[in-house]
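Okay, here's the structure, questions in a sec.
The values are calculated or read from the model by the stated rules, or taken from the named source; none is laboratory data. Here the structure is a predicted model, which means the values were calculated and not measured. All Cβ positions, glycine included, derive from the backbone under ideal geometry; neighbour counts span all protein chains shown. Heavy atoms of the whole protein, side chains included, go into the accessibility calculation; ligands, DNA and RNA do not. Shrake-Rupley method; radii C 1.70, N 1.55, O 1.52, S 1.80 Å.
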Amino acid sequence: MARRTKEEAAATRDSILDAAEKLFVEQGVSRTTLQHIATAAGVTRGAIYWHFDDKGALFNAMMERVTLPFECALSSLGKSDASTVLGDLRQFFVEIFRVTETNPQARRVLEIASLKVEFVSEMDAVRVRRRQSKGDLIAQVVERLELAQSGGLIRQDVDPRLLATGMWALMDGLIRNWMFEPGSFSLVALGDNMIGTVLDGVRTR
């Protein structure tokens, strides 16, 4: 009986998070109340408070259960050598675009975190996580650009950190524009082309 109760509690928690995720995408975080979430999940507000202290805690729990696209790509990025580093770097960004375009839950949560939340008070954990992910991604890109530079693959006048920051901005901007109109272009195809163009522009001739 105790095990079944624990399983039921976990199922209720998941249903609350599922409902919150759906409503946050549809109407934004600030306009979604706990009562809205309770109604959508088929539970009482008391059930929500049993699992979460407030909307901020619920929001953070929803974020924590999903690996965002750039986090997925980071976890799959292996070590590169000088002969393959630029190709590996291009594929790294393509993987971010692919996860965004093909993983519905990762896309929804990324949309919420990017477009549907105000980074205030209890929601600040999202900004902290995003800053950490951005820092980790840029550090990985810089490492590989420096390897390419030392191997003579890209020009010596290129600043690896400046280029890595620009590639982040390109990736982030493409994803944001695609989320506004997902059917207007292929994120993977255009993203691959754009990243390839940037890397071609810094190659040693």
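Over segment 47-189, what lengths in whole Å, largest first, do the semi-axes of the equivalent ellipsoid take, defined as the square roots of 5 times the eigenvalues of the alpha-carbon gyration tensor? All intermediate terms of the calculation are to be shown ahead of the outcome.
Values: eigenvalues 204, 55, 36 Å².
Semi-axes, largest first: 32, 17, 13 Å.
What are the residues whose amide H is under 5 Å from the amide H of I154, where those residues sit 5 or more places off or on another chain and H is modelled from the backbone?
Residues meeting the criterion, in which the H sits 1.01 Å from N, are Q149, T204.
Using the Cα centre of the chain as the reference point, and only Cβ charges (+1 on K/R, -1 on D/E), how large is the resulting charge dipole? Debye, rounded to the nearest 20.
Dipole of the chain, to the nearest 20 debye: 180 debye.
Specify whether the C-alpha gyration tensor of segment 111-196 places it in the rounded, prolate or oblate class, a ≥ b ≥ c being the square roots of the eigenvalues: rounded for a/c under 1.5, otherwise prolate if a/b is larger than b/c and oblate if not.
Since a/c reaches 1.5 but b/c is at least a/b, the shape of segment 111-196 is classed as oblate.
Could you please state how large a percent of the accessible area of the chain is carbon and sulfur, counting protein chains only and using a 1.4 Å probe?
Values: 5480 of 10610 Å².
Percent of accessible area from carbon and sulfur atoms in the chain: 52.
Around L68, under 9 Å between beta carbons, what's the net of Lys plus Arg minus Asp minus Glu among the other residues?
Neighbour charge sum, excluding L68 itself: +1.
Next question. Per residue, how much accessible area does the chain show when a 1.4 Å probe rolls over the protein heavy atoms, in square angstrom? Mind dumping the intermediate values first?
Values: 10610 Å² over 205 residues.
Averaged over the residues of the chain, the accessible area is 52 Å².
Now a separate question. Any idea what Rg and Dmax come out to for segment 1-119 if you just take the C-alpha atoms, in Å?
In order Rg, Dmax, the Cα atoms of segment 1-119 give 18.0, 59 Å.
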